[in-house]
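One structure is given below, encoded as structure tokens.
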Ligand code: CA
């Protein structure tokens, strides 16, 4: 796809040397880059600005990266790549499903960051970029409306903001009603990786989706738990 305008990336990072290194590499890769050095300003900038992707440090002065990610997700569906210096925490962070699209552990090679940023932008472009010209593909079940091209979910006409993975998981299930999937199968289908100790991620994402679309999580109308097996989307 030809781009006439450069895509702009916002880096929210309090360590100046790291922020500048990230900026240099991303600029070299053809992006415009802006930097914010604390959480509160970063969130405001990310919310108000027109960015293609956010590179978000976890430990920040003011509001931390978790909170920035959570609040930004309530408002916008743009790719967020979260960066943390604490290697051991990464699995935990990922499992908690904070809504970031990717997690990178410091120290990373700047080329690795650039590659991840490019991959997420390309994926996002593929998913939303083609939505303008043709009629959108819609999945509709009992008041739940999934616009696959615009990647938006509505419940009885009210939009429900989903993270990318929540959207993918919900859509995957909704398009295959009445089929029972194990967490393992869902993890492999959505995360595109071998499921080694990652099934908790599926549980967390199902919980988040239910909070958004179910009236009662004890009596779910859409995604049913099949005890000891996995999940099924009710037709
Ligand atoms: Ca930091």
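The values are calculated or read from the model by the stated rules, or taken from the named source; none is laboratory data. Bear in mind that the values here come from a model prediction, so they are computed numbers and not experimental data. All Cβ positions, even for glycine, are placed from backbone atoms using ideal geometry, and neighbour counts span all protein chains on display.
Within the stretch 20-52, restricting attention to residues that are in a loop (DSSP other than H, G, I, E, B) and within 21 Å of the chain's Cα centre (by Cα), the residue that is surrounded by the fewest Cβ atoms within 10 Å (Cβ to Cβ) is 50.
Checking the structure you have, find out if any residue of the stretch 155-164 is more than 13 Å from the chain's Cα centre (by Cα), under 27 Å from residue 226 (Cβ atoms) and modelled with pLDDT under 90. Checked against the condition, which is being more than 13 Å from the chain's Cα centre (by Cα), under 27 Å from residue 226 (Cβ atoms) and modelled with pLDDT under 90, the stretch 155-164 yields at least one hit.
Residues checked against (1) under 17 Å from the mean Cα position of the chain (by Cα); (2) assigned to a helix (DSSP H, G or I); (3) surrounded by 12 or more Cβ atoms within 10 Å (Cβ to Cβ); (4) at pLDDT below 80:
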{"site": "117", "(1), (2), (3), (4)": "yes, yes, yes, no"}
{"site": "120", "(1), (2), (3), (4)": "yes, yes, yes, no"}
{"site": "123", "(1), (2), (3), (4)": "yes, yes, yes, no"}
{"site": "127", "(1), (2), (3), (4)": "yes, yes, yes, yes"}
{"site": "135", "(1), (2), (3), (4)": "no, no, no, yes"}
{"site": "139", "(1), (2), (3), (4)": "no, no, yes, no"}
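Taking into account only those residues within the stretch 76-99 that are under 12 Å from the mean Cα position of the chain (by Cα) and modelled with pLDDT of 80 or more, which is surrounded by the fewest Cβ atoms within 10 Å (Cβ to Cβ)? Before the answer, list the steps.
At the first step, the residues of the stretch 76-99 found to be under 12 Å from the mean Cα position of the chain (by Cα) are 76-82, 94, 97-99.
Add one more test, that the residue is modelled with pLDDT of 80 or more, and what stays is 76-82.
Working: 76: 13, 77: 19, 78: 20, 79: 21, 80: 27, 81: 20, 82: 25.
Selected residue: 76.
With respect to the stated conditions, residue 40 fails to be more than 22 Å from residue 123 (Cα to Cα), assigned by TED's automatic domain parsing to the domain that holds residue 82, out of contact with any strand residue (DSSP E or B) (no Cβ under 8 Å at 6 or more places or on another chain) and more than 16 Å from the ligand (Cβ to nearest atom). Does the stretch 4-19 include one or more residues that are part of a helix (DSSP H, G or I), modelled with pLDDT under 95 and under 21 Å from the mean Cα position of the chain (by Cα)? Looking for residues that are part of a helix (DSSP H, G or I), modelled with pLDDT under 95 and under 21 Å from the mean Cα position of the chain (by Cα), one finds none in the stretch 4-19, hence no.
In the stretch 56-65, is there at least one residue being within 15 Å of the ligand (Cβ to nearest atom), at pLDDT 85 or above and in a helix (DSSP H, G or I)? Walk me through it before giving the result.
Taking the stretch 56-65 as the starting set, the residues that turn out to be within 15 Å of the ligand (Cβ to nearest atom) are 56-65.
Still in the running and at pLDDT 85 or above: 56-65.
Now narrow it down to the ones that are in a helix (DSSP H, G or I): 65.
Yes, the conditions are met somewhere in the stretch 56-65.
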